[in-house]
Amino acid sequence: MTLMLHAGASPLDYDGLRQLETPEATSTHVPIPHHRLVDVVRLTLGFYGHTVEEEHHGVTPDGMRYFGVLSLRSTYGDYTDTVGLRNSHDKTFPIGISFGSRVFVCDNLAFIADHVVRRKHTAQAKRDLPGLVGDLIEPLADQREAQHRVISRYRAANLSQSLVDHAVLELYRAEVITVTRIAAVMERWENPPHDWGVKTAWRLFNCVTHALEGRIAEQPALTSRLHDVIDATCLNGNATVSAELAAQ
């Protein structure tokens, strides 16, 4: 997997992450080391029965902002369940933990749940971090099953060209994609760079996440709006559903 980022960040392995200096704490701001967030999340995932099989990390050149992806052992074939992490030392954004999927063949990232630890970086937040992370990861098993049902539904929904055109316009209106990315999405729809199957909602979903590239790792909330549009498209009466897939 390649962790693609557009915030000026560069890949870094875990050992390199541990060697980064964490800014000194002040009376009002106590930075949490990036590697400590990774450690706590890894430990909590293991406690709740999830196995991390692959991980990738990235930081900005000044080491102030961190992005990471932990891929979990999964039985879902061509995609794996994924946990995305964010942390900053410069107050750019709070600690974030997102759950979603990564498609093996093209490393497309997408998130179905985005949780933010909305606590200032204080001594109390650092002390409470294990409990806060535990609260977010405890329901992960149910979220993984829910994601599987969503993706199965997307695979089952065949889309007409008019539905696709409408969905892409709605994605623009929802600010998931910019006007300059409409052409990129449509090109991938007509000529997929990877095998995303026939013209279903799953194929459209991958066209969008592929066109967005690393922006999803930086802005997981994008896929919340993406799911809203794709879900509405699947519910449209013009979308035909394969009985075999719908039964999954």
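The values are calculated or read from the model by the stated rules, or taken from the named source; none is laboratory data. Computed from a predicted structure; not experimentally measured. Neighbour counts are summed over all protein chains in view; Cβ atoms, including those assigned to glycine, are modelled from backbone coordinates with ideal geometry. Surface areas here come from the heavy atoms of the whole protein model, side chains and all, with no ligands, DNA or RNA. Shrake-Rupley method; radii C 1.70, N 1.55, O 1.52, S 1.80 Å.
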(request) Answer with yes or no whether residue 189 is in a helix (DSSP H, G or I), hydrophobic (A, V, I, L, M, F, W, C), over 28 Å from residue 94 (Cβ atoms) and at pLDDT 90 or above. (result) yes
(request) Would you check which residues across region 211-226 are within 12 Å of the chain's Cα centre (by Cα) and under 20 Å from residue 163 (Cβ atoms) and list them? (result) 223, 226
(request) Just need a number here: residues in region 181-221 that are in contact (Cβ under 8 Å) with a residue 60 or more places away in the chain, buried (at least 16 other Cβ atoms within 10 Å of the Cβ) and aliphatic (A, V, I, L, M). (result) 2
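Within region 37-65, how many residues are within 20 Å of residue 127 (Cβ to Cβ) and either out of contact with any strand residue (DSSP E or B) (no Cβ under 7 Å at 6 or more places or on another chain) or open to solvent by less than 50 Å² (accessible area, probe 1.4 Å) (or both)?
8
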(message) Going residue by residue through region 78-91, is there one that turns out to be part of a loop (DSSP other than H, G, I, E, B), under 15 Å from residue 209 (Cα atoms) and without any contact (Cβ under 8 Å) to a residue 60 or more places away in the chain?
(response) no
(message) Go through region 150-180 and report how many residues are part of a loop (DSSP other than H, G, I, E, B) and open to solvent by 10 Å² or more (accessible area, probe 1.4 Å).
(response) 5
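Being modelled with pLDDT under 85 and in contact with a Pro (Cβ under 7 Å, 6 or more places away or on another chain): is that true of residue 8 here?
Yes: the conditions hold for residue 8.
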(message) Show the residue pairs meeting these rules: Cβ distance below 6 Å; 6+ apart or different chains; first residue within region 101-125 and on the phi > 0 side of the Ramachandran plot; second residue surrounded by fewer than 18 Cβ atoms within 10 Å (Cβ to Cβ) and at pLDDT below 70.
(response) 107/1; 107/2
(message) Of all residues being closer than 25 Å to residue 74 by Cβ and modelled with pLDDT under 90 in region 87-97, which is nearest to the chain's Cα centre (by Cα)? Just the residue, please.
(response) 96
(request) Check residue 39 against each of (1) assigned to a helix (DSSP H, G or I); (2) acidic (Asp, Glu); (3) touching a helix residue (DSSP H, G or I) at 6+ places or on another chain (Cβ under 8 Å) and name the one condition it does not meet. (result) (3)
(request) For region 79-100, name all the residues that are open to solvent by 10 Å² or more (accessible area, probe 1.4 Å) and among the charged types (D, E, K, R). (result) 86, 90, 91
(request) Determine whether residue 138 is among the acidic types (Asp, Glu), surrounded by fewer than 19 Cβ atoms within 10 Å (Cβ to Cβ), more than 17 Å from residue 218 (Cβ to Cβ) and in contact with a helix residue (DSSP H, G or I) (Cβ under 9 Å, 6 or more places away or on another chain). (result) yes
(message) Can you confirm whether residue 99 is among the hydrophobic types (A, V, I, L, M, F, W, C) and farther than 25 Å from residue 202 by Cα?
(response) no
